[in-house]
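Contents: one structure, followed by commentary.
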Amino acid sequence: HKIVTFILVSIPSCIKKLFTCIEKLFYLLPIGYILGLEMSIRKVFNKFYTTYSKSIKNFSKDRKFLRYLIFKENLEKSLDELNLNINKLNFKNIKKLLDNEIELNKGSIISKHPFLSFLTALIVAIVGGGASVKEGWVLGITPKVLIGVIFLWFISWQTLEIFRPEEVKLKELKQFILWLENDKSENGQGNNNSKA
């Protein structure tokens with residue numbers, strides 16, 4: 001009988017400790033996700049990070065230079081498979097074609113990504129509204145909701161990096177072509193890996 005009473009009395013205390021642990025995990029989950037994602041990217045693309053670490057760091061915000069290196073490597077492989085020389089590429093015609101494609105795919109980023117705009121406005125509203133309501137901060141509800149929305153914003157931003165609008169992809173491709181053309185002119189007659 002004493003054992004049953006002890007168990008019944010200690011259940012609320014155990015549940016409270018469990019919720020405290022879950023609450024701490026809630027705060028650490030976004031940080032763990034972000035660090036895990038970054039470590040995974042660095043591991044998968046280690047050869048680029050060791051060779052071009054300074055350039056990748058300069059473009060770390062959106063990983064544009066890393067995407068350029070992947071583009072360049074894939075292009076060189078494709079040209080090698082087709083026994084084509086990178087020096088034979090007509091960059092002027094490629095850029096003209098891309099300009100036409102970009103013009104056809106113009107559109108507002110906000111109209112193409114309204115969910116990110118909504119989440120940004122929600123974060124501002126929560127912070128603004130939470131500043132006037134002291135109880136939400138004291139009870140910890142407002143910070144939890146804010147962290148949850150910021151985490152959702154980060155996940156959405158990562159997802160939109162994958163599913164970018166056509167116009168953004170075309171502009172980035174044009175920039176990669178410009179960089180490739182610049183690499184070609186800096187290396188004299190092109191990349192050493194190209195076929196003669």
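Worth pointing out:
- Over 23 Å (Cα to Cα) - which of K47/K77; K64/K106; K47/K95; K72/K106; K2/K24; K47/K72 fall in this group: K47/K95; K72/K106; K2/K24
- Computed from label points 7 Å out along Cα-Cβ, the spacing between K144 and L37 is 2.3 nm.
- For R42, the accessible area of its heavy atoms, probed at 1.4 Å with every protein chain present, is near 120 square angstrom.
- Above 14 Å, the calculated P(r) of the range 49-103 contains 68 percent of its Cα-Cα pairs.
- Cα-based shape type of the range 1-105, given that a ≥ b ≥ c are square roots of the gyration tensor eigenvalues and the cut on a/c is 1.5: prolate
- Reach of K144 by Cα under 15 Å, taken over aspartates and glutamates that are not fewer than 8 positions away in the same chain: E23, E135
- Chymotrypsin sites (Phe, Trp or Tyr not before Pro) within the range 39-87: DSSP coil, no more than 14 neighbouring Cβ in 10 Å: F59
- Separation of the K57 and T20 label points, Cα + 7 Å toward Cβ, nm: 4.2
The values are calculated or read from the model by the stated rules, or taken from the named source; none is laboratory data. Everything numeric in this text was worked out from a predicted model, so none of it was measured. Reconstructed Cβ throughout: ideal geometry from the backbone, glycine too, with neighbour counts over all protein chains shown. Heads up: the accessible areas ignore ligands, DNA and RNA and are worked out on the full protein's heavy atoms, side chains in. Shrake-Rupley method; radii C 1.70, N 1.55, O 1.52, S 1.80 Å.
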